[in-house]
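The values are calculated or read from the model by the stated rules, or taken from the named source; none is laboratory data. Here the structure is a predicted model, which is why all the values come from computation and not from measurement. Here Cβ is always computed from backbone atoms with ideal geometry, including for glycine, and neighbour counts include all displayed protein chains. Remember, those area values only see protein heavy atoms, side chains included, never the ligands or the DNA or RNA. Shrake-Rupley method; radii C 1.70, N 1.55, O 1.52, S 1.80 Å.
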Amino acid sequence: MNVELLIDSGLRACRNPAAAPAAEPYGSARAQVLSQAGFDAAEREIRQWPGYRATPLRRLPALARQLGVAAVLYKDEGARFALKSFKALGGAYAVYRLLEQAIMAHNGGQPVSVADVLAGRWRDVARQITVTCATDGNHGRSVAWGAQMFGCRCVIYIHATVSEGRRAAIARYGAEVVRVPGNYDDSVRHADSQAKANGWTVVSDTTYAGYRDIPIDVMHGYGVMSREVIADLGDTPPTHVFVQAGVGAFAASVAAAFWLAWGNRRPRLVVVEPIEADCHLRSAQAGAPVAVTGALDTIMAGLACGEVSPAAWEIVSGAARAFVALDDRYALDAVRLFANPQGGDPVIVSGETGAVGLAALLAAREHEALRTLLEIDAASRILLLGSEGDTDPDIYKSITGRSAAEVLA
Ligand SMILES: Cc1ncc(COP(=O)(O)O)c(C=O)c1O
């Protein structure tokens, strides 16, 4: 049943006509993309990185009361390493994996320890490798951070509308940052062609024809976040998880980790994206990936992607229960509400991309038809994934009128 709900020019939603029934097992086809073993390996490595600590899962009881649901939970990735987003887990892990393989090849196949790599034991091998990618900010920051931490070279491509603050944050980790014309998808193609010309390795968060192993490492790295949620909630899964999507790698990782852990009790996956870059919603309706072109102009910088990642789509296309596309107004309201909570809930610093789950929930409060479509009722326990904090402090201040430190004071 493909019910599209067109609420106004800034809000659209649809059920996923291809949603897998709750009882469907995760299955071997999906495990070819993301697997329990892949999540286990990433968790083992990342837990050993300096500064690793699980991010908080915040309870928002006052908000739950206002929304007429049983619980709202918020996984706060603003506290993820120094990078303030879950993205720290993916790009940097993929950089580690490719160095690990290069070192093993150099060392007759002997296993490599992350402690040795961090201590610089393989510095000469690492220095010969250059990693590159396109980014709208957070992924490039993770790749640059990983390259600096593990000792290889790094060149990052950003597109026309990536903010100066985001550029500077990547450069801080020692990467060469190059701005190229066009949108995010154009910069992905540019990074790929530069890598081919120079003998570099692309560490992308999105897959494309002939390229999927490294982005799969990225998605397994993201799984650390979901594993922390699973450890926290144990045998009480939420009924819904709202996940924001750019290329869909994050959504795929969350969907796979929860499906593997909770089986037929997994939460309903609601995929939320900007209306200007609603490639998931359109692809679901078409039954196959559909590209959205143009400037993809949205304040939700991390989600300004017009093309789904094909490997991620192999999971999201069946795992999602519904898709919501909304405009910036909803995201801005959500950032401000987190900064000014009512009824005693904790103050949360969430960037424009991080607050998208709450944005969809606020839209469902305004529009009963959306609430019904998302199957939200008084018993719902809703998990929001706060995928970033103030990753661009200037933009954050322009939205809330205060810096993160002032908001938290
Ligand atoms: C903070 C944040 N949240 C969510 C996403 C979406 O991730 P994906 O592109 O894998 O869908 C991004 C992507 O850059 C991001 O930066």
| note | Under 13 Å by backbone N from the virtual spin label 7 Å along Cα-to-Cβ at ALA295, the residues of segment 136-160 are 160
| task | Between ALA23 and ARG65, take the C-beta separation as r, use R0 = 25 Å, and let me know the FRET efficiency to the nearest 0.05. | result | 0.15
| task | Determine the gain in length on full extension of the stretch ALA105-THR130; use 0.36 nm per residue of separation and subtract their C-alpha separation, reporting nm with one decimal. | result | 7.3 nm
| field | Projected label distance in nm at SER193 and ASN340, using a 7 Å step from Cα toward the beta-carbon | value | 4.8 nm
| task | Read phi for every residue in segment 310-327 and hand back ³J(HN,Hα) as whole Hz from Karplus 6.51 cos²θ - 1.76 cosθ + 1.60, θ = phi - 60°, with x for Gly and Pro. | result | x, 5, 5, 4, 4, 9, 5, 4, x, 7, 6, 9, 7, 10, 10, 10, 9, 9
| remark: For the chain, the charge dipole (Cβ of Lys, Arg +1; Cβ of Asp, Glu -1; about the Cα centre) points to a positive end, and the Cα of ILE275, THR239, GLY151 closest to that extreme belongs to GLY151
| note | Averaged per residue, the 1.4 Å probe accessible area of the chain, protein heavy atoms only, in Å², is roughly 37 Å²
| query | In terms of Cα to Cα distance under 29 Å, which lysines are near enough to LYS196, apart from those fewer than 8 places away along the same chain? | reply | LYS87
| Roughly how many percent of the accessible protein surface of the chain is carbon and sulfur, given a 1.4 Å probe and a whole-percent answer? | 50 percent
| field | Computed E for ALA119/ARG53 - FRET, C-beta separation, R0 30 angstrom, nearest 0.05 | value | 0.90
| field | Under the Karplus curve 6.51 cos²θ - 1.76 cosθ + 1.60, θ = phi - 60°, whole-Hz ³J(HN,Hα) for segment 218-230, x wherever Gly or Pro sits | value | 4, 5, 5, x, 4, x, 4, 4, 5, 4, 5, 5, 4
| query | Relative to the first principal axis of the alpha-carbon coordinates of the chain, what is the inclination of helix 36-46, with its axis defined by its Cα atoms, in degrees from 0 to 90 and to the nearest 10? | reply | 70 degrees
